[in-house]
Amino acid sequence: MSFLAIFLTLFLEQQKLLSKLRSWFNEKMEAYTNLFTNKEFESVRAIRINFIYAIIPFLVVTIILMLLLYHKHHVIYFVINCFLFILCSDLLGWKEEAKQANPGSDFQQFVQTYATRFFATTFWFVVLPSSLGAICYLALTIMGKKLREKGKDSVVYTVVVDKMLFWLNVVPYTALFILIAAAGDFEEVMHYVLEQKKNFKLSFYFLETVLNEVAFIAIGKDKFKNSQAIEENEDFAHLRNSNNLFNPKVVDFVVALLYRSGIFFILAVTVVSIVHLI
């Protein structure tokens, strides 16, 4: 029934009916995660254990819901899980960020928002039982962001949090790479992704970097060109950061690419859900 939750969320977001509810929920999640982040950690192990402690209440509640409702009260079970998914996800928020995108350093932030708040949240909602995946992903992502900011100058904080976010995102990001390739220039994208094996790192920053490049490669290198000449060996990083060579319409191309990837993903979820029901 995951596809019904996704379609209902899309409908409510398009009607702009979720802003106040999600603001309230996000405030509660911020307060909850503060219980685990507003302290000083004495070791790397303490940070890791803290992440585990944070998801235990969600795991316990999920087990209780499944034991009490899953077999005898399917409708109530679905409504509760659908409601929690609606609170945790943000399927169309990346579109608003895309409208504000510019060739500066925050240009591709909307791509990361798409990957985390839409794709990864929905991916874990579908893969894990009940709404456990979505709410745990949201909580751990918020904690990771807080600890990242808290430990800007600490190598220990940076390394531990970056690796935690890597393991949290590596599977959904890999799936997203494949879907983006299918929605764009498949051969070029897969060639680039396979090439990254030699540069592979257990780092969320590495995943973010690869995703940024994949989004550009998938729409075709020629779409970056304007009237100025571009050398054949021009790399994507320089091309993307150059105001002179930047083509403002590239945002439209990337948005269209993400739309197609999202449609492929939702169709796949729908087919799997229907087959499972049959």
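Descriptive notes on the structure:
- Highest-fluctuation residue, THR113, THR174, THR122 considered, GNM on the chain with Cα pairs under 10 Å: THR174
- R0 of 51 Å, Cβ-Cβ distance ILE278-SER203: FRET efficiency to nearest 0.05: 0.80
- Protection-proxy order for peptides 175-184, 255-264, each taking the mean of Cβ atoms within 10 Å per residue, highest first: 175-184, 255-264
- Estimated inter-spin distance, VAL170 and ARG45, nm [label 7 Å along Cα→Cβ]: 2.3 nm
- TRP124, TRP94, TRP24, TRP167, reordered so the largest accessible area comes first (probe 1.4 Å): TRP167, TRP24, TRP124, TRP94
- The chain - Debye-derived log10 I(q)/I(0), Cα point model, q = 0.12, 0.13, 0.15, 0.17 Å⁻¹: -0.83, -0.97, -1.24, -1.47
- Calculated FRET value between LYS145 and ILE178, using beta carbons and R₀ = 35 Å, to 0.05: 0.85
- Residues ASP252, ASP185 ordered from highest to lowest accessible area at a 1.4 Å probe: ASP252, ASP185.
- Long pairs among LYS95/LYS163; LYS28/LYS145; LYS39/LYS201; LYS39/LYS145; LYS163/LYS249, criterion Cα-Cα beyond 24 Å: LYS95/LYS163; LYS39/LYS201; LYS163/LYS249
- Cut-off of 10 Å, at most 16 other beta carbons, DSSP loop: longest stretch of the chain lacking such GluC sites (Glu not before Pro): 43-230
The values are calculated or read from the model by the stated rules, or taken from the named source; none is laboratory data. Everything numeric in this text was worked out from a predicted model, so none of it was measured. Don't worry about glycine lacking a Cβ; one is built from the backbone with ideal geometry, like all the others, and counts go over all protein chains shown. Side chains are part of the model used for accessible areas, which takes the heavy atoms of the whole protein and leaves out ligands, DNA and RNA. Shrake-Rupley method; radii C 1.70, N 1.55, O 1.52, S 1.80 Å.
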